[in-house]
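We did not get these values from a lab; they are worked out from the coordinates using the rules stated. Here the structure is a predicted model, which is why all the values come from computation and not from measurement. Counting neighbours? That spans all protein chains shown, and the Cβs are built from the backbone with ideal geometry, glycine included.
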Amino acid sequence: MQCSQHRTAVSHDTVARGTLRRTSCTQCSSSRPRRRPVVQATSSSSSSSNQGVEELPGPRNAFVPGQESESRRQLFNRISPVYDELNDRLSLGQHRVWKRMAVKWAGAAPGQRALDVCCGSGDLALLLAAAVGQGGSVTGLDFAADMLQDASSREAAATADAPWQRSAKVTWVQGDALELPFDDASFDAATMGYGLRNVADIPKALAELRRVLVPGGKAAVLDFNNSSQPLVDSLQGLLLEQVVVPAAASYGLGDEYRYLRPSIKRFPNGREQEALARQVGFRSAVHYEIGFGMMGCLVATK
């Protein structure tokens, strides 16, 4: 485990040379070698008793207060090798459309600074990089190191395949969505894809998004929709249980994807998300239902 003072610094020049500069702490144990350079920010974990905690489907401790963050971090590390393939298969490629919508709602424009929190394998961060262009900058942050390795590798492959594209380079940062390692008003636009549902403290995550945005900046938060419509809710549950989980189980990841349904049912619905965003100080907040009501995107303006 790493202490709260541990940092790993990386520049794109050092990426090219294959070197990594670190400032280390004697109280931290050394981390395993990275296949791709990632900036390491704050991480923490805590423990609590499981006694009296409701047993829910999914990985152990995924819903245990004080332990959910570490359990979910390990979950995303495990699914990283097949995450993109499963997303494409299970959404029939529609997740790419929803992510493009989120980037447009965030209002990222050429020359701006953009942030993608809970960036996973990098889809939204790479779309932001194309939106802001070479004159802008993009940071992708995630708590799962394996996801960040995949994101960095995907960026390198995309650059090699299409060197004529004028996208911004992405800085990949390992860190906590509840304690973003950035100064106030550091970004013009922000996105968060399928991450808000997985944090231990939703209001705090929204407050952190607001803090790092400039006045007038927008955050677009894409996730599954906890629909209040019985038909949509039933269809979503049926698809998850009869299609998504069996497909994931074929990769040996059934338990990891059984986590989805209870995590969605515990997630605030659209109106609740709007209210939470306003409570933490966003000037306006609108939640859009997309994907036949099974997905949603909260657009909040500072």
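Numbers for the structure displayed
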| read-out | value |
| --- | --- |
| Taking the range 176-302 and dividing mean pair separation by its residue count, relative contact order in percent (alpha carbons under 8 Å, at least six apart) | 30 |
| The range 99-184: relative contact order in percent, alpha carbon pairs under 8 Å with at least 6 residues between | 31 |
| Mean Cβ count within 10 Å, highest first, over the residues of peptides 225-235, 138-148, 291-301 | 138-148, 291-301, 225-235 |
| Mean Cβ count within 10 Å, highest first, over the residues of peptides 158-166, 273-281 | 273-281, 158-166 |
| In sequence order, calculated HN-Hα J values of the range 121-126 (Karplus, 6.51, -1.76, 1.60; Hz; x Gly/Pro) | 8, x, 3, 5, 4, 6 |
| Built amide H within the under 5 Å cut-off of residue 295, gap 5+ | 225, 290 |
| Built amide H within the under 5 Å cut-off of residue 171, gap 5+ | 138, 139, 140 |
